[in-house]
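Asker: Quick one: the structure is below, questions incoming.
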Number of protein chains: 2
Amino acid sequence: MEAQKKVFVERVGVRTEMMGYSPLAGRIIGALLLSEPPYMTFDALCEYLNASKSSISTNLHFLMKEGTGLVEYFTLPGDRKRYFKISIDNWLRHIKEMPKEFQNSNDLLGEILGYREANQLDGEFSHSIKKLLSFYEFMLDKLPSLIEEWEEKIILEK
Amino acid sequence: MEAQKKVFVERVGVRTEMMGYSPLAGRIIGALLLSEPPYMTFDALCEYLNASKSSISTNLHFLMKEGTGLVEYFTLPGDRKRYFKISIDNWLRHIKEMPKEFQNSNDLLGEILGYREANQLDGEFSHSIKKLLSFYEFMLDKLPSLIEEWEEKIILEK
DNA sequence: TGATTAGTTCGTTACTAACCGAACTAACAA
DNA sequence: TTGTTAGTTCGGTTAGTAACGAACTAATCA
């Protein structure tokens, strides 16, 4: 069972690395997803992941700030330690912001198309860019209400 | 106008770097998006981007294979040169595959939840993971038909 | 006040990725 | 067959990133 857990931690590590996190940041996420109880102290993370305090410190900071607040911590009265855990809420909030990513590509591509048309550059190519843009715009239009639809479904299920 | 074009090329470069491409790969995409006609030879790319032949060669290969076929080339009879251009079709095909990315995260998270439940780990945390999973699953369910809806819209507009 | 604990900061090392130039190959042209 | 052009491959340099240990700080405890 412990061995299986470690395998999961590494697999989560690989997945999250592909999302732009460092290997250790990925393993922290993995460890926190699989630990029981679902939070760990600083020292426990160092020991479990065989990592130095400095590396754990750096990566926890990253995950709490830049890393979209994927990790957060709580404290207990009369206890100096911090207890680190995954914030599923922030995780969800982050993936719901996916349309914003689209928006950025969309905007730049739109500007480029504007430039091409203003300078009367090759029409056929501009036309195919327009098609691509229309896809982005369609998604930008539809995704928010799709997300809302899910929100409502979730409320009803409760 | 030429200056404005270069600014665009760099901006595209930065955007695509954020998507995991190398700086030069990003600039190649930018140059090809803005060039008139909408294709360039190997040498023209070297010169325009002030890059070495080897770097251009490596990055074009990447963009044609691993890079989801974002770039392709064509040839002209009686002309040894290759003409490189953006494949908007492949670009579109690639973003339409977005649900597959979801699928991978979804599968791993599902396995983890299975592990947690099999070992009767903290119920509240597992419950919130379930909520996250339900979002992924909802999107996986709805996105394909949304994409199809766009396809139909496009056909009608023609 | 001094000792301990929790976590941070800093300087270094090891590794990887991006890019370059030079030498090379394959195809055609003279 | 020799030269030229288009592009590739290889080895090396440089820049950037991940991680470490040691020294430090801030808070608590005795």
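The values are calculated or read from the model by the stated rules, or taken from the named source; none is laboratory data. The structure presented is a predicted model; accordingly, all values stated were derived computationally and were not measured. Virtual Cβ from ideal backbone geometry, glycine too; neighbours counted across all protein chains shown. The area values use the complete protein model at the heavy-atom level, side chains included, leaving out ligands, DNA and RNA. Shrake-Rupley method; radii C 1.70, N 1.55, O 1.52, S 1.80 Å.
Asker: Place the peptides B:142-150, B:20-28 in order of packing, highest mean first, counting for every residue the other Cβ atoms within 10 Å and averaging per peptide.
Answerer: Descending packing order for the listed peptides: B:20-28, B:142-150.
Asker: Hey, another quick one. Share of the protein assembly as shown's accessible area from carbon and sulfur, percent, 1.4 Å? Kindly include the intermediate steps, with their values, before the conclusion.
Answerer: Values: 8850 of 16960 Å².
Heavy-atom surface of the protein assembly as shown belonging to carbon and sulfur, 1.4 Å probe: 52 percent.
Asker: Turning to a different aspect of this structure: Averaged over A:32-39, how many beta carbons belonging to a partner chain fall within 10 Å of each residue's beta carbon?
Answerer: Numbers: counts 1, 8, 5, 3, 6, 4, 8, 2.
Average neighbour count from other chains, rounded to a whole number: 5.
Asker: Continuing with the same structure: What's the local net charge at A:L140, with K and R +1, D and E -1, over the other residues with C-beta under 13 Å away? Write down the numbers at each step before the final one.
Answerer: Working: positive: A:K100, A:K142; negative: A:E97, A:E101, A:D107, A:E137, A:D141.
Overall, the nearby charge balance is -3.
Asker: Placing +1 at every Lys and Arg Cβ and -1 at every Asp and Glu Cβ, with all other atoms neutral, what dipole size does the stretch B:18-158 have around its Cα centre, in debye to the nearest 20?
Answerer: Values: 16 positive and 21 negative charges, 127 e Å.
The calculated dipole for the stretch B:18-158 is roughly 600 debye.
Asker: At 1.4 Å probe size, what's the solvent-accessible area of A:E10? Round to the nearest 10 Å².
Answerer: Surface open to solvent at A:E10 totals about 90 Å².
Asker: OK, next. List the lysines whose Cα sits under 17 Å from the Cα of B:K96, skipping any in the same chain fewer than 8 residues away.
Answerer: The qualifying lysines are A:K100, A:K130, A:K131, A:K142, B:K142, B:K153.
Asker: Relative contact order for the stretch A:8-158: what is it in percent, counting Cα pairs under 8 Å that are at least 6 residues apart? Working shown, then result.
Answerer: Details: 133 pairs, mean separation 22.3, N = 151.
Over the stretch A:8-158, the number comes to 15 percent.
Asker: To continue, here is another question. For A:H61 and A:A44 in one chain, what is 0.36 nm times their gap in residues minus the Cα-Cα distance, to one decimal in nm?
Answerer: Numbers: separation 17, 0.36 × 17 = 6.12 nm, distance 1.63 nm.
Gain on stretching A:H61 to A:A44: 4.5 nm.
Asker: For every helix of n ≥ 4 consecutive DSSP H residues, a contribution of -39,500 (n - 2.57) applies; sum these over chain B, divide by its total residues, and give [θ] at 222 nm rounded to the nearest 500 deg cm²/dmol.
Answerer: On the way: 7 runs with 113 residues, N = 158.
Mean residue ellipticity, 222 nm, calculated: -24000 deg cm²/dmol.
Asker: Excluding ligands, DNA and RNA, what is the solvent-accessible area per residue of the stretch B:2-88 at a probe of 1.4 Å, expressed in Å²? Walk me through the numbers before you get to the answer.
Answerer: On the way: 4560 Å² over 87 residues.
Result: 52 Å² of accessible area for each residue.
Asker: Right, next: Take every Cα pair under 8 Å in the stretch B:2-88 that's 6+ residues apart, average their separations, divide by the length, and report that relative contact order as a whole percent.
Answerer: Numbers: 105 pairs, mean separation 21.4, N = 87.
Result for the stretch B:2-88 is 25 percent.
Asker: Quick one: net charge around A:M1, please, counting Lys, Arg +1 and Asp, Glu -1 for every other residue with C-beta under 13 Å from its C-beta.
Answerer: Working: positive: A:K5, A:K6, B:R116; negative: A:E2, A:E36.
Net charge in that neighbourhood comes out at +1.
Asker: Could you work out, residue by residue across B:89-95, how many beta carbons of other chains sit within 10 Å of that residue's beta carbon, and then give the average as an integer?
Answerer: Working: counts 3, 0, 5, 6, 0, 0, 6.
Counting Cβ atoms of other protein chains within 10 Å of each residue's Cβ and averaging gives 3.
Asker: Do any residues of the stretch A:1-27 show a loss of at least 30 square angstrom of accessible area between the isolated chain and the full protein assembly, using a 1.4 Å probe, and if so which?
Answerer: With the partner chains in place, the stretch A:1-27 has these residues losing at least 30 Å²: A:M1, A:F8, A:R11, A:R15.
Asker: Here's another thing I want to ask about it. On average, how many beta carbons from a partner chain sit within 10 Å of the beta carbon of a residue in B:130-136? The partial results should precede the final answer.
Answerer: Details: counts 1, 5, 6, 0, 5, 9, 2.
Per-residue shielding by partner chains comes out at 4.
Asker: Taking R0 as 30 Å, what's the FRET efficiency between A:I95 and A:K53 from their Cβ-Cβ distance, rounded to 0.05? Please report the intermediate quantities before stating the final value.
Answerer: Working: r = 31 Å, r/R0 = 1.03.
Efficiency for this residue pair is about 0.45.
Asker: Output the residues of the stretch A:102-121 meeting this criterion: accessible area (heavy atoms, 1.4 Å probe) in the chain alone minus accessible area with all protein chains in place is 40 Å² or greater.
Answerer: Residues losing area: A:L108, A:E111, A:I112, A:Y115, A:R116, A:L121.
Asker: In addition: Between B:Q4 and A:A118, what is the label-point separation in nm under the 7 Å Cα-to-beta-carbon projection?
Answerer: Between A:A118 and B:Q4, the simple spin-label model gives 0.3 nm.
Asker: How many angstrom separate the Cα center of the stretch A:60-100 from the Cα center of the stretch A:1-24?
Answerer: Centre-to-centre distance over Cα atoms comes out at 18 Å.
Asker: Pairing the Cα long axis of helix A:98-118 with the longest principal axis of chain A, what angle in degrees results, from 0 to 90 and rounded to the nearest 10?
Answerer: 30 degrees
Asker: What's the Kirkwood radius of chain A in Å, using all Cα pairs? Kindly include the intermediate steps, with their values, before the conclusion.
Answerer: Numbers: mean 1/r = 0.0532 Å⁻¹.
Result for chain A stands at 18.8 Å.
Asker: Here is a follow-up. Before we go on, tell me the buried accessible area for the A/B pair, both chains summed, 1.4 Å probe, in Å² to the nearest 100. Please report the intermediate quantities before stating the final value.
Answerer: Working: alone 11120 and 11140 Å², together 16960 Å².
That pair of chains buries around 5300 Å² in total.
Asker: While we're on this one: Could you compute the FRET efficiency for A:T75 and A:S126, with r as their C-beta to C-beta distance and R0 at 41 Å, rounded to 0.05?
Answerer: Numbers: r = 57 Å, r/R0 = 1.40.
E between A:T75 and A:S126, to the nearest 0.05, is 0.10.
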